[in-house]
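The values are calculated or read from the model by the stated rules, or taken from the named source; none is laboratory data. Just so it is clear, the model here is predicted, and its values are computed rather than measured. Positions of Cβ are backbone-derived with ideal geometry, glycine not excepted, and every protein chain shown enters the neighbour counts.
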């Protein structure tokens, strides 16, 4: 029997994020409909197509042909679509994507991914044997973290985790039985990684757990920070010196738009640091279909590349992935299209390029537009994003709200999000979902949405925010804390 | 660092099946090609489309349209295809299957599944809240087993498991940290479940673990046994009396062809046994796309229905499924098509019916043909299958093979499979992969393949088998053990 008290304590210990509660609330609100003209807009997670972003036509066409091969004869579909689909069907067992694949993915796609990585990293070699395809990057991360999860006496394995971190990460670590050991990112420096903070966190962690790995998100989820080569080198040197496994979320590698910034992979930097590092530092890098420019979240497929990992350990990766058989074949094939899209001369090249350019333009324009808008609101300040898909503005909440949240036993930022959702039908994420437990409050806002949706979100958010502040007794608003434009001065703490 | 000795001991403890080794061998053989005219035929697992079975056209057409909605305008596609696709796109967030869904699946599909279950079970009600969609039935089972996995002192949770069991099950229980407690099925009765064996197994288990659940496979994987109502009632009464959670693999519910047999769900029987049972017995039933008639293994989607489970416990199911976000949307939609195919009057009805009738005819004819062929081989005896997709013949191996296997430190049935694969390019499963550790040897052979492939498999298998026996010194073959047709007498043990 599985009465509540007999449920696996580790499962009972998985922290419950307010994210899903807010999503349920959003679903209920959608059903009853706020105002006839309004629909709920969800910018709390990177669910891009839900938010109205369009899929890549070439990718969808290829998959449609693979599912219904009669379409190979359809002359209305571009030739490169049909050729790619034909190639895919040839490499699927039984000529069908209804067949199982090896647990780590189709050999052909693993090779193609390794070729992509080699191209991306200016020739740093990648081996198909190091590539493991899974049902999304979360599933790959589950396996990687499970490998290092041990208990010695009362001491569990720990993972140094950025604060803020992706909102999906804390529960994943709980489920694997691994301790989340926070390291602070530096908000004032655009959420950069600071070496002193890493050392500090490691020192703190050592008393409580056995630190085995460090998690990095670059481009940063939810911060939008993009590391430069120097910063990456510092982290690698730290991991090398402390013998930590590097878990690198590089899912948003296709979204870097900050002036003078480019995506450099951890692997490339590692290999360009010389053999002292390239032969020794253990690293796992994650990528998937749910990226800024591909956005195929619903297809549920990703991969990890495991570098410098003992082949005997990789054997266990296969063993773990084997338990739920393999990743969806539709998604495995989609990975191939994502990493090797049409090139000049291909019939689909022009359409593809137009679609991608539109997405990229949306990304950078929206990021700037939203950041400026948020910074103009009193009690809000927002670092610019250099990449990724989120802005992560700080919210200086009036003391009334904080007190009300305490009474309701809810995080103050969650209370803010609930109200925003109920009053304006806009769902943004609360910083407390990103692991932050300090008295600093933040919001998480995905800007990779159509520009008109973003305008709608900003209008509703702004209107709600100003209404909230106006409703408070002026004596409590601390006029002395405001500058001449009625904004809170940046260096003043809210009245808590 | 993840040096081998620091890998999570539970992961290191996952038993390694010879199945994947044999599959790797098959892949290598495919690459070097045995004989120019031959290709490797894999009948070791229920990978139906790999083996040449055709997908359901209606299902594939609907999914193709969903992926590439331009096809909604394609008049060459049947109207019911386009209408179903249109409905699906309406219920997908953002009108796209590239969006995430709730972690337990799309509300719409869960409701549709509940309706299907109610129809199937002659009106026994099903509630969408009890239906959890996952990336395949294995993933659902992982979650259900994880819920009951606890350790008290040295005592772990145990699951009563049929012998033989599905070849994917032992590793799954290992990974969840749960003890596999075997109960024997009665081969001579067509692999029926025997109540005495259940009591015996439970008694044995009580010393070693905390028995929390009983796993049932009906129709049986790999046995082909189909339980009748009386047998199901017995199992339910046993589970009720012993307060065990019923984990019922009903994945092959669409494949029952034994004379006078029909599929009756555990849930239906439970509810028809009266409130004493229907209100109390905890049950989880699994179903998925990888069935005999649908066979969409590569789409990786299934569901479980949880009956009489505390809502607070179901909350944790959601929590666990949330960790890797949600099941693939393509597969979620495919579930809808599988459970509600075209009906009379629909444009696709005739095609659908022809396809399904062909599959059903193949199933029953192949099962009979293969069983008769195998029973005609010396040293082989095979119970008839009443359903499912496998035959599970017993192999009375000559003592030379058993001794050679001992020396090579490999299971004797695995050695047999290796040789068959190398010499004839036919991959069958070994009974030891199905959890059987006795000195009785078995093979696992999926008969849900095109009839000509089956003939090819049988010819190669027969030829190999007879060659193997002929190559042995006659004095060792035990002529006294053979009947007049040169077959081993059924009641004689092999020379071990």
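Remarks
- Test: residue in the range A:174-186 that is modelled with pLDDT under 95, surrounded by fewer than 18 Cβ atoms within 10 Å (Cβ to Cβ), more than 14 Å from every other protein chain (Cβ to nearest Cβ) and over 25 Å from residue A:140 (Cα atoms): no
- Test for residue B:48: is it touching a residue at least 60 places away in the same chain (Cβ under 8 Å), over 23 Å from the mean Cα position of the chain (by Cα) and crowded, with 16+ Cβ neighbours inside 10 Å: no
- Boolean, residue B:10 is away from chain A (no Cβ under 11 Å), surrounded by 15 or more Cβ atoms within 10 Å (Cβ to Cβ) and not in a loop (DSSP other than H, G, I, E, B): no
- Residue in the range B:423-443 that is surrounded by the most Cβ atoms within 10 Å (Cβ to Cβ), counting only those that are assigned to a strand (DSSP E or B), touching a helix residue (DSSP H, G or I) at 6+ places or on another chain (Cβ under 6 Å) and in contact (Cβ under 8 Å) with a residue 60 or more places away in the chain: B:430
- The single condition among (1) surrounded by 15 or more Cβ atoms within 10 Å (Cβ to Cβ); (2) under 27 Å from residue A:134 (Cα atoms) that residue A:25 does not meet is (2).
- Here the range B:293-319 is the region considered, the condition is being crowded, with 24+ Cβ neighbours inside 10 Å and facing chain A (nearest Cβ under 7 Å), and the residue that is nearest to residue A:105 (Cα to Cα) is B:298.
- Criterion violated by residue B:142 - all others in (1) within 30 Å of residue B:13 (Cα to Cα); (2) surrounded by fewer than 24 Cβ atoms within 10 Å (Cβ to Cβ); (3) away from chain A (no Cβ under 13 Å) satisfied: (3)
- Being in contact with a strand residue (DSSP E or B) (Cβ under 8 Å, 6 or more places away or on another chain), surrounded by fewer than 23 Cβ atoms within 10 Å (Cβ to Cβ) and in a helix (DSSP H, G or I) holds for only one residue in A:414, A:402, and it is A:414.
- Checked against (1) at pLDDT below 95; (2) over 16 Å from residue B:289 (Cβ atoms); (3) within 13 Å of chain A (Cβ to nearest Cβ), residue B:326 passes all but condition (2).
- Residue B:61 satisfies every condition listed in (1) over 30 Å from residue B:361 (Cβ atoms); (2) within 8 Å of chain A (Cβ to nearest Cβ); (3) part of a helix (DSSP H, G or I) except (1).
- Any hit, the range A:198-209, residues being under 22 Å from residue A:304 (Cα atoms) and at pLDDT 95 or above: no
- As for the range A:101-109, it holds at least one residue that is closer than 25 Å to residue B:172 by Cα and without any contact (Cβ under 8 Å) to a residue 24 or more places away in the chain.
- The numbered conditions (1) out of contact with any strand residue (DSSP E or B) (no Cβ under 8 Å at 6 or more places or on another chain); (2) free of Cβ contacts under 8 Å to residues at least 60 places away in the same chain; (3) within 7 Å of chain B (Cβ to nearest Cβ); (4) surrounded by 18 or more Cβ atoms within 10 Å (Cβ to Cβ) are all true for residue A:277 except (3).
- Scan of the range A:87-98 for residues that are closer than 19 Å to residue A:338 by Cβ, touching a helix residue (DSSP H, G or I) at 6+ places or on another chain (Cβ under 7 Å) and either part of a helix (DSSP H, G or I) or away from chain B (no Cβ under 14 Å) (or both), ordered by number: A:88, A:89, A:91
- Only one of A:195, A:270, A:247 that is within 19 Å of residue A:167 (Cα to Cα) and touching a helix residue (DSSP H, G or I) at 6+ places or on another chain (Cβ under 7 Å): A:247
- Among (1) surrounded by fewer than 22 Cβ atoms within 10 Å (Cβ to Cβ); (2) within 30 Å of residue B:433 (Cβ to Cβ); (3) in contact with a strand residue (DSSP E or B) (Cβ under 6 Å, 6 or more places away or on another chain) - the single one residue B:42 does not satisfy: (1)
- Residue in the range A:30-53 that is within 29 Å of residue A:323 (Cβ to Cβ), more than 11 Å from chain B (Cβ to nearest Cβ) and assigned to a loop (DSSP other than H, G, I, E, B) present: no
- Index of the failed condition, residue A:268 passing every other in (1) within 14 Å of another protein chain (Cβ to nearest Cβ); (2) surrounded by fewer than 23 Cβ atoms within 10 Å (Cβ to Cβ); (3) under 17 Å from residue A:128 (Cα atoms): (1)
- Filter pass, residue B:335 being in contact with a strand residue (DSSP E or B) (Cβ under 8 Å, 6 or more places away or on another chain) and under 20 Å from residue A:67 (Cα atoms): yes
- 1 or more residues more than 30 Å from residue A:449 (Cα to Cα): qualifying helices (runs of 4 or more DSSP H) within the range A:272-368: A:275-278, A:311-323
- Some residue of the range A:64-72 being at the interface with chain B (Cβ under 8 Å from one of its Cβ atoms), under 19 Å from residue B:50 (Cβ atoms) and assigned to a loop (DSSP other than H, G, I, E, B): yes
- In the range B:187-205, of all residues being free of Cβ contacts under 8 Å to residues at least 40 places away in the same chain and within 18 Å of residue B:155 (Cα to Cα), the one that is surrounded by the fewest Cβ atoms within 10 Å (Cβ to Cβ) corresponds to B:203.
- Residue within the range B:113-127 that is within 13 Å of chain A (Cβ to nearest Cβ), surrounded by 21 or more Cβ atoms within 10 Å (Cβ to Cβ) and in contact (Cβ under 8 Å) with a residue 12 or more places away in the chain present: no
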